[in-house]
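Comments concern the structure below.
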Amino acid sequence: MRRDTFVQTIAAAAAIVALGASALLGAQLTSSAGQHKLVYTDRAEDGDPPQVAVGIAMGAFRGVFVNFLWLRANTLKEEGKFYEALELARAITRLQPRFPQVWVFHAWNMAYNISVSTHTQDERWQWVQAGIRLLRDEAIPANPNDMLLHKELAWIYLHKIAGITDDANQFYKRKVAEEWTINLGEPPPPTPKDRSTANAINRYVEWLTPVADAARTPEELARRSPAAADLLRRIQTQVGDPPDRTLLRRYERLNALERSAVRRQVEATMGPNNAAMLALMRDTQYADAWPELLAFVRRRTLTAEYRMDPLRMIRYTRKYGPIDWRHPAAHALYWGAKGVEEALGRWHEGNKRDFDFINSDRIVIQSLQELYRSGEIYFNFLEFTSGMESFYMASVNPHFVDSYGEVLAELVQRSWADQPDRPYTVYAAGYENFLKDAVRFFYRRGQYDEAERHYRKLGALTIGGRSYAQLNDPMRAWDYSRPLQEFVHFELQNERILSAYVAVSEIVGALQGAYASGLLGDDEELFRAQFDYARTAHAFYMQRQLRETVAMGAQAGRTEFLDRDFRIVAGQVFRELVMLVPVADASAMYNRAPDDLRRFVYDLLAETYREPMDALAREQTGESFNDLFPEPTGMAAHRAMMEQRALERAEQRIDVAPK
């Protein structure tokens, strides 16, 4: 009996210890599950669809009920009843937040199906944004390691916004450019050092670093910079803006206005809030406080509202290139690469079939390709925020050419479909086409050594040290053995220039070659040849491509990567290139150019160089601004023409009402 009592006592003690440990562990698990949103919804809230309450009440049969809702939502979508399907999808995501496919269905329905059923560009954009916010702000936080959700968010940016399938895509691109000019300010202005990719990357890293290093809380801001804390207090009391995008938007608009030719006219009619903000911006006692405050607000906006990590943005800039975050492909790259990285942490030999790395990696490489094709953005922020259509042009950014090949080597290692013994691989085929575009671009630009270097890469088609040259193509050896000039001319046969990306590459490359090799090289014949080629290619593309697009029943505006007026395109490219080269080269290029090109850059040159140059001239240590950059004839008429163009753009808004 004593033995039995002893055993029972030990068992009871063990049971008590186990129950105590279970209670403690259970509390910790419950807390962790709630913190990481790993639990199902257990109560309905105001605004929830009625199906949420029904699903909660069904208890153990909730899964069966959710399956029924899922089937019903799919049926409603197929019937074109998108809003009804939206309601059911919202109920499912409340009942089972760990069901990624429903989040994707929900977001796709808003960004694609519902958006195109609306009547205005603004309405369309609101629904596209709703799809983005759903994935970014709700789905991914509930499923932080899910690669599918990251991939679908990246796809909306890459296909819906950066692509041309939606008639309102040009409006979307401007909205993203506006949004990220507000969030981060304009990217670093071009300088001669930017001709080196390494230098360009370093300047973009330096641009983002203050945001990454900024104060996390108002208290930390006050400790670091009492003046910045005082400035924030005055903004909140005198202007009424909280430390979020409201403040950033007002600041960026006024900052752009300060550099505008219409500054005095607008300031005369300015409201009290804008006037108070402008006075604070001009107050010299806050000169050092503004950068601290802006970095604090930008970091807070990125992390709290956009759920993006400035340190990750810097890391991707170092890895991929000088990313302009005003470009939608920049965000496709961010979310696509982040999804892959999160999934790699859970990937092992036993579960590798559960991870679709191939399609996610393809979005990463396609985003890089898009940043090469159109990553150099020219955008008039002030015009757009003033309600005008605004100038927007996206052209080739060659800084992403080499990084494309470097990243591709990493992605091929994870792709079962891209081994060198296969007769056809998607990555290799894409790389081949990419290199063809790069060769043509550098050739038109007049960088023949770079064109030749990439032409040799094209012939070898080596990725990660392994050759992917298609041995079963009998014409390949001949194709890439021809002289470079013959290859480039052959590539443009069969009207290849009708491709929007090829047209941009050819036109912008030829213009840059005309200016850099022709004007700067003092070769009038080369300048005329390249310039005339660019004008002819522009006219051919605009006449043929836009006519065929309209004939197919689509909106012409959706394929307009370049302005229809060649003068605007030529002038804008000239403007940017002049600002990239040293002052001596800029002066030489400027003075050899015709007046119709000089007019596009004169005001920017005057704003940038007049004051310091004239100061040096007064000290007799340099030439005056007017000596180096004389004002071209017809500036008044040119400014009037540009203002008229801005008004015309405002009237050319694309009609997206369903027909």
Of the numbered conditions (1) more than 33 Å from the chain's Cα centre (by Cα); (2) in a helix (DSSP H, G or I), Val569 satisfies every one except a single condition; which is it?
(1)
Considering only region 317-337, I want to know if a residue exists there that is surrounded by 17 or more Cβ atoms within 10 Å (Cβ to Cβ), touching a residue at least 24 places away in the same chain (Cβ under 8 Å) and over 22 Å from Ser374 (Cβ atoms).
no
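So, in region 284-316, of the ones that are more than 20 Å from Phe400 (Cα to Cα) and β-branched (Val, Ile, Thr), which residue ends up surrounded by the most Cβ atoms within 10 Å (Cβ to Cβ)? Before you say what the answer is, go through the steps one by one.
Kept after step one, since they are more than 20 Å from Phe400 (Cα to Cα), are these residues of region 284-316: 284-311.
Next, only the ones that are β-branched (Val, Ile, Thr) stay: 284, 297, 301, 303.
Working: Thr284: 6, Val297: 26, Thr301: 20, Thr303: 14.
Of everything passing the filter in region 284-316, Val297 is surrounded by the most Cβ atoms within 10 Å (Cβ to Cβ).
Among the candidates Ala256, Ala227, Ala200, which residue alone is of a type in the set (Gly, Ala, Ser), at pLDDT below 95 and out of contact with any Pro (no Cβ under 9 Å at 6 or more places or on another chain)?
Ala256
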Quick test for you: out of Trp155, Trp125, Trp207, pick the one residue that is of a type in the set (A, V, I, L, M, F, W, C) and out of contact with any helix residue (DSSP H, G or I) (no Cβ under 7 Å at 6 or more places or on another chain).
Trp207
The listed residue being modelled with pLDDT of 85 or more and basic (Lys, Arg), out of Lys338, Lys352:
Lys338
Those residues of region 579-632 which are surrounded by fewer than 14 Cβ atoms within 10 Å (Cβ to Cβ) and in contact (Cβ under 8 Å) with a residue 40 or more places away in the chain amount to Pro582, Glu607
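Which of the helices (runs of 4 or more DSSP H) found entirely inside region 577-649 contain at least 2 residues meeting this: in contact with a Lys or Arg (Cβ under 7 Å, 6 or more places away or on another chain) and of a type outside the set (S, T, N, Q)? Reasoning before the result, please.
Numbers: elements: 583-592, 595-618, 625-628.
Ranges flagged: 595-618.
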Close pairs (8 angstrom Cβ cut-off, 6 or more residues apart or separate chains): at positive phi in region 185-212, part of a helix (DSSP H, G or I) and of a type outside the set (Gly, Ala, Ser) anywhere
Gly185/Glu252; Gly185/Asn255; Gly185/Leu294; Gly185/Arg298
Residue ID - modelled with the lowest pLDDT, chosen from residues in region 386-439 that are over 20 Å from the mean Cα position of the chain (by Cα) and under 30 Å from Ala256 (Cβ atoms):
Met388
Go through region 138-149 and give me each residue that's closer than 20 Å to Arg94 by Cα and either among the small types (Gly, Ala, Ser) or in a helix (DSSP H, G or I) (or both).
Glu138, Ala139, Ile140, Pro141, Ala142, Leu148, Leu149
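Could you please let me know if Glu152 is crowded, with 24+ Cβ neighbours inside 10 Å, on the phi < 0 side of the Ramachandran plot and either charged (D, E, K, R) or in a helix (DSSP H, G or I) (or both)? Before the answer, list the steps.
Values: crowded, with 24+ Cβ neighbours inside 10 Å: yes; on the phi < 0 side of the Ramachandran plot: yes; either charged (D, E, K, R) or in a helix (DSSP H, G or I) (or both): yes.
Here the answer is yes, as Glu152 does meet what is asked.
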Report, by residue number, each residue of region 213-239 that is assigned to a loop (DSSP other than H, G, I, E, B) and touching a residue at least 40 places away in the same chain (Cβ under 8 Å).
Asp213, Ala214, Ala215, Arg216, Ser225
Pick from region 240-283 the residues that are free of Cβ contacts under 8 Å to residues at least 12 places away in the same chain and of a type in the set (Ser, Thr, Tyr): which of them is surrounded by the most Cβ atoms within 10 Å (Cβ to Cβ)?
Thr246
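Just name the residue that is modelled with the lowest pLDDT out of those in region 532-567 that are of a type in the set (A, V, I, L, M, F, W, C) and touching a strand residue (DSSP E or B) at 6+ places or on another chain (Cβ under 8 Å). Spell out how you get there, then give the answer.
The initial filter retains those residues of region 532-567 that are of a type in the set (A, V, I, L, M, F, W, C), namely 534, 537, 539-540, 542, 546, 550-552, 554, 556, 561-562, 566.
Subsequent filtering for residues that are touching a strand residue (DSSP E or B) at 6+ places or on another chain (Cβ under 8 Å) retains 561-562.
Values: Phe561: 66, Leu562: 74.
For region 532-567, the residue satisfying everything is Phe561.
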Enumeration of residues in region 262-309 that are in a helix (DSSP H, G or I) and acidic (Asp, Glu):
Glu267, Glu292, Glu305
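The values are calculated or read from the model by the stated rules, or taken from the named source; none is laboratory data. Worth saying up front: this structure is predicted, and the values here are computed from it rather than measured. Because the Cβ atoms are built from the backbone with ideal geometry, glycine has one as well, and the counts that use them run over all protein chains shown.
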